[in-house]
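**Student:** Before we start, here is the structure in question, set down as structure tokens.
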Amino acid sequence: MTGMSAQNLVLPGAVLFDMDGTLIDSDAWWYAAETRVFDRLGFRWTPEQSTEWIGASLLECCEYVVEQGRLAVTPEALRDELAATIAQIASSEPIKWRPGAYELLELTARLGIPSALVSSSYESFTSTIAHAAPAGTLTGHISGDMVTHPKPHPEGYLRGAAVLGVAPEFCVTFEDSVPGMEAAIAAGTHAVYVPFSAAAPTIDGMAQIDSLTLVDEAALHCIVNDEGMAAFAN
């Protein structure tokens, strides 16, 4: 977006980012980790199932697998193995940043806007991405093993805002999943849906953009002030 004087811009107090599917393309990593862990136990995992569980908690996914496969393992043990496997893959592969994601992080740093990662993935994975982000960004991060209630509960986003010392109503959130959008909206943030591989939410009046490449300083102003949202809204 252009044509708006920088001196007239009121910017977000903070920007909160989902990780998988929003900042990075990790679908192939997740499918590799899931099939490696589940196949070993004799449970066939499909790409469709992997997509269906995008945005859900690891424990809920593993509870489903244990129940459906009648596996002789606890959901907690399966979750821990899956978390360790995805962390190992992420630490050994180049990161595939989503279009515009790295540049948007750099923009928040230049503008002095604090940012945080709020993800359903576990800290052993999220820390790899946080450390690879541009300097001065993602100074806080809330992972799935740091919360009592996973998305769509707002706990993660409320804690992310609190870590940065910014009230949720002054935060902009970028998400790509239904549970994530529901969590961000319930937390009271200005939530923006960025489509990727997950099913699109159907939430009245929600803001949506096709790509993070479209988010500039003026766009951040419009999002947090609910101005000119026709450029983003469904």
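The values are calculated or read from the model by the stated rules, or taken from the named source; none is laboratory data. If you're wondering where the values come from, they're calculated on a predicted model, not measured in any experiment. Cβ atoms come from the backbone with ideal geometry, glycine included; neighbour counts cover every protein chain shown.
**Student:** Taking region 208-234, which residues are modelled with pLDDT of 90 or more and either small (G, A, S) or in a loop (DSSP other than H, G, I, E, B) (or both)?
**Tutor:** Residues satisfying the conditions are I209, D210, S211, V215, D216, A218, A219.
**Student:** May I ask you to list the residues in region 22-69 that are surrounded by fewer than 19 Cβ atoms within 10 Å (Cβ to Cβ), more than 19 Å from A87 (Cβ to Cβ) and β-branched (V, I, T)?
**Tutor:** Within region 22-69, T46, T51 qualify.
**Student:** Which residues, counting only those in region 137-149, are in a helix (DSSP H, G or I) and in contact with a Phe, Trp or Tyr (Cβ under 7 Å, 6 or more places away or on another chain)?
**Tutor:** G144, D145
**Student:** Also, quick follow-up: For A33, work out the one condition from (1) at pLDDT 95 or above; (2) within 15 Å of the chain's Cα centre (by Cα) it doesn't fulfil.
**Tutor:** Every listed condition holds for A33 apart from (2).
**Student:** Also: What are the residues in region 106-136 that are touching a residue at least 40 places away in the same chain (Cβ under 8 Å) and in a helix (DSSP H, G or I), if any?
**Tutor:** Result: L107, T108, L111, S124, F125, T126, T128, I129.
**Student:** For region 118-142, which residues satisfy the criterion of being among the aliphatic types (A, V, I, L, M) and farther than 15 Å from A101 by Cβ?
**Tutor:** A135, I142
**Student:** Being of a type in the set (G, A, S) and either in the same structural domain as T85 (by TED's automatic domain parsing) or surrounded by fewer than 21 Cβ atoms within 10 Å (Cβ to Cβ) (or both) narrows it down to one residue among A186, A133, A161; which is it?
**Tutor:** A186
**Student:** Then there's this: Where residues in region 166-182 are over 11 Å from the mean Cα position of the chain (by Cα) and without any contact (Cβ under 8 Å) to a residue 60 or more places away in the chain, which of them is nearest to S57 (Cα to Cα)?
**Tutor:** E182
**Student:** Further, regarding this structure: Being hydroxyl-bearing (S, T, Y), assigned to a loop (DSSP other than H, G, I, E, B) and under 16 Å from P150 (Cα atoms) is the filter here; which residues of region 30-85 pass it?
**Tutor:** S57
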